[in-house]
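A.B. asks: Have a look at this one.
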Amino acid sequence: MTRINPPTAASERELLQGFLDFHRQTLLLKVSDLSGEQLARRSAEPSSLSLLGLVRHLTEVEQYWFKSCLAGEEVPDRYWTAEHPDGDFDLVDPAQAQADLQAYADAVQESDKIASRHALDDPFRRPRRLEIYSVRYLYIHMIEEYARHNGHADLLRERIDGKTGE
């Protein structure tokens, strides 16, 4: 997989999209060339974090912020329930790794379609929240979310097979 560096001089929208895409691609680099068992391995006990759990979590994050919040669509929770509030991390199944990776790719594609229909200043509300958010805020929040979790992914991957990187 090839990761494309974000632009260094571009419009605000291109910079935000470039950095978000860079972080999405970083996650995919961290999970590349691993088996379902390796992806599901909790390699930093006692934490329940796994690379597959991060992919599942970020799938739900993409769907929540873009589809539910920005587009205003009702989106059922994919991986967690009231009984299993951390199901995205705790209920990973190595046999479902490829399906989970495809669900992530689909969520990212849908997020980009939704975002492309909005200006950076467009307002939206999160379900059950009073604050007004902008699409600009959404991009910045997603970049922060990915940056934090890519740090986790870097450590998890190193524990699995020693592979390190940016």
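The values are calculated or read from the model by the stated rules, or taken from the named source; none is laboratory data. Values in this document were obtained by computation on a predicted structure and should not be read as measured data. Positions of Cβ are backbone-derived with ideal geometry, glycine not excepted, and every protein chain shown enters the neighbour counts. Keep in mind that these areas ignore ligands, DNA and RNA; they rest on the heavy atoms of the full protein, side chains included. Shrake-Rupley method; radii C 1.70, N 1.55, O 1.52, S 1.80 Å.
A.B. asks: I need the full set of residues from the stretch 69-104 which are under 21 Å from PRO127 (Cα atoms) and of a type in the set (Val, Ile, Thr), in order please.
C.D. replies: VAL75, THR81
A.B. asks: A further question follows. Give me the residue from the stretch 2-35 that is charged (D, E, K, R) and touching a Phe, Trp or Tyr at 6+ places or on another chain (Cβ under 7 Å) and, out of that set, surrounded by the fewest Cβ atoms within 10 Å (Cβ to Cβ).
C.D. replies: Start the filter on the stretch 2-35 by keeping residues that are charged (D, E, K, R), which leaves 3, 12-14, 21, 24, 30, 33.
With touching a Phe, Trp or Tyr at 6+ places or on another chain (Cβ under 7 Å) added as a condition, the list becomes 3, 24.
Numbers: ARG3: 15, ARG24: 22.
Out of the qualifying residues, it is ARG3.
A.B. asks: Are any residues in the stretch 38-56 part of a helix (DSSP H, G or I), of a type in the set (A, V, I, L, M) and either within 11 Å of HIS149 (Cα to Cα) or open to solvent by 10 Å² or more (accessible area, probe 1.4 Å) (or both), and if so, which ones? Give the derivation first.
C.D. replies: To start, the set of residues in the stretch 38-56 that are part of a helix (DSSP H, G or I) comprises 38-40, 51-56.
Narrowing further to those that are of a type in the set (A, V, I, L, M): 39-40, 51-52, 54-55.
Matches in the stretch 38-56: ALA40, LEU51, LEU54, VAL55.
A.B. asks: Could you please find all residues in the stretch 72-96 being without any contact (Cβ under 8 Å) to a residue 60 or more places away in the chain and either assigned to a helix (DSSP H, G or I) or surrounded by 19 or more Cβ atoms within 10 Å (Cβ to Cβ) (or both)?
C.D. replies: Across the stretch 72-96, the qualifying residues are TYR79, GLY87, ASP88, PHE89, ASP90, VAL92, PRO94, ALA95.
A.B. asks: On to the next question. Between a first residue in the stretch 105-118 that is crowded, with 17+ Cβ neighbours inside 10 Å and a second residue that is among the small types (Gly, Ala, Ser), which pairs have beta carbons less than 7 Å apart while being 6 or more apart in sequence or on different chains?
C.D. replies: ILE114/ALA71
A.B. asks: Just checking, which of TYR104, TYR146, TYR133, TYR139 is outside any helix (DSSP H, G or I) and either touching a Pro at 6+ places or on another chain (Cβ under 8 Å) or under 17 Å from LEU58 (Cβ atoms) (or both)? Steps first, please.
C.D. replies: Working: TYR104 fails: outside any helix (DSSP H, G or I); TYR146 fails: outside any helix (DSSP H, G or I); TYR139 fails: outside any helix (DSSP H, G or I).
Every option except TYR133 fails the conditions.
A.B. asks: Which numbered condition in (1) open to solvent by 20 Å² or more (accessible area, probe 1.4 Å); (2) modelled with pLDDT of 95 or more; (3) touching a helix residue (DSSP H, G or I) at 6+ places or on another chain (Cβ under 8 Å) is the only one that GLU166 fails?
C.D. replies: (2)
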